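One structure below.
Read-outs: derived from the displayed coordinates by stated rules, not from any lab. It should be emphasised that the depicted structure is a prediction, and the values quoted were computed from it without experimental measurement. Don't worry about glycine lacking a Cβ; one is built from the backbone with ideal geometry, like all the others, and counts go over all protein chains shown.
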Amino acid sequence: MTDPLNWLDERAEERVRAGLRRELRARAPQTGLIDLASNDYLGLSKHPDVIAGAIEAVRTWGTGSTGSRLVTGTTTAHEQFEAELAEFVGAEAGLVFASGYAANLGAVTALAGRGTLVVSDAASHASLVDACRLSRARVEIVPHRDVAAVERLLGARTEQRALVLTDSVFSADGDLAPLAELHRVTRAHGAVLLVDEAHGLGVRGDSGRGLVHEAGLAGEPDIVVTATLSKALAAQGGAVLATGRVRAHLIDTARTFIFDTGLAPAAVGAAGAALRLLREDPALGGRVLARATEIARIAGVPQPDSAVVSVVLGEPQVAYEAAVACRERGLSVGCFRPPTVPEGTSRLRITARADLTDAEMDVIATVLTDVLADARQEVAA
Ligand SMILES: Cc1ncc(COP(=O)(O)O)c(C=O)c1O
């Protein structure tokens, strides 16, 4: 018998030749590396209060949620956290999911379907892309940040309902969506605007309330916000923040809510504690942006609008070798290659944290300056 999975080896070889093989590298609890790769933007994932929040929740509720939220998986801790997070971002209500990915799938598929037009930014996160595919709606992808294209599609549609999708802070480049203009257009055309605040929460807006809040759009009834608890909130899980009516609709119809085990108590406890820390120290978000600005200056790239500093180097191999060189000299940085980013734009994706020390910034300056000089020389050769 010929092994029906032989094609996997051919594909793997193709990826090796293209410099696109991915590796899982287990890390030790203490790596000794300066972490510029994670999404722990506020540096809270090892904060004693956040750890205590997780432990307390496990002691009270156990290690798992024990079932779907609709059967056994809802605790008072879930409900309290949902209310607190909603209040923080200025929404009427919140609903947590097992991940940000599941929140996006659940929200989009519950709010769109046959007879709906879904318009999505070309750079929307993969979870929104997959949500579009699952939605059974007519899906149109518009060029990145192109509000006029959104308006044209909404104006020409035959469907009664329409949903426009965008990240608030785009995950690969760290740039911002034109939220005020998008909302003006969606409102004028009777469409709903769904904004993924995965990289905006905790970083942008007053005390980290997010870019929707910063744009003066918090609480608008025709805006649905999704978020992850796995980045600034240092935990795991996702949330949809919207009106109580949307929350009730998701409880009734969102498949990733109904058919998925409820968010683990530890994640609820940790995210709740991180949210309290964010409230107590409203400057945390500003500190991430300040560190990101310093890193961008060192790397010789434009000033960032978020924690993400993207250093485009071009070919995958150059970006990969630069990431390895950083690691050998004590810096852990992200390396984004196709299909995560378009061909020819492989890059180092460097993320700032609020708790980076001045001594760490000195190391970052020395290593990045050297590694990037070498990488750029190789590109120019
Ligand atoms: C923009 C965006 N949305 C959604 C997600 C998914 O969130 P989670 O990791 O909680 O599933 C991510 C995670 O990387 C993201 O960057």
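Please give the FRET efficiency for residue 381 paired with residue 13, using the beta carbon to beta carbon distance and R0 = 25 Å, rounded to the nearest 0.05. E(calc), rounded to 0.05, equals 0.40. Given their separation in residues at 0.36 nm each and the Cα-Cα distance between them, residue 38 and residue 58 gain 4.7 nm when the chain is fully extended.
When trypsin sites (Lys or Arg not before Pro) are flagged only if DSSP places them in a loop and at most 12 other Cβ atoms lie within 10 Å, the longest unflagged stretch of the chain comes out as 115-381. Just checking the listed ones, 188, 242, 77: in the Gaussian network model of the chain with Cα springs under 10 Å, the one fluctuating most is 188. In plain terms, the chain from residue 80 to residue 206 could stretch by 43.1 nm, reckoned as 0.36 nm per residue minus the Cα-Cα distance. A cut-off of 5 Å between modelled amide H atoms, ignoring neighbours fewer than 5 places along the same chain, links residue 196 with 166, 167, 168, 226. Rg over Rh for segment 151-255 works out to 0.98, using Cα positions for both radii and the Kirkwood form for Rh.
Between residue 2 and residue 126, the contour length at 0.36 nm per residue exceeds the Cα-Cα span by 41.2 nm. If R0 equals 56 Å, the separation of the Cβ atoms of residue 297 and residue 71 corresponds to a calculated FRET efficiency of about 0.60. Taking other C-beta atoms within 10 angstrom as a stand-in for reagent exposure, 141, 350, 55, 223 fall in the order 55, 141, 223, 350, fewest first. For the chain, the 222 nm mean residue ellipticity estimated from helices alone, with every DSSP H stretch of n ≥ 4 adding -39500 (n - 2.57) and the total spread over all residues, rounds to -13500 deg cm²/dmol. All Cα-Cα separations within segment 283-380 were binned at 5 Å from zero, giving a P(r) of 2, 14, 25, 26, 18, 9, 4, 1, 0, each value a whole percent of the pairs. Extents of the chain, largest first, come to 58, 57, 50 Å (Cα atoms, principal axes, whole angstrom). Of all DSSP beta bridges confined to the chain, the antiparallel ones make up roughly 50%.
For a Förster distance of 25 Å, can you work out the FRET efficiency between the beta-carbons of residue 180 and residue 156, rounded to the nearest 0.05? It comes out at approximately 0.65.
Taking only Cα atoms and a 10 Å spring cutoff, compute GNM fluctuations for the chain and point out the largest among 256, 109, 158. Evaluated over the chain, the most mobile residue of the options is 158.
Each of residue 255 and residue 92 was given a label point 7 Å from its Cα along the Cα-to-Cβ line. The distance between the two points is 2.7 nm. Taking other C-beta atoms within 10 Å as the exposure proxy, 332, 120, 306 rank 332, 120, 306 from fewest upward.
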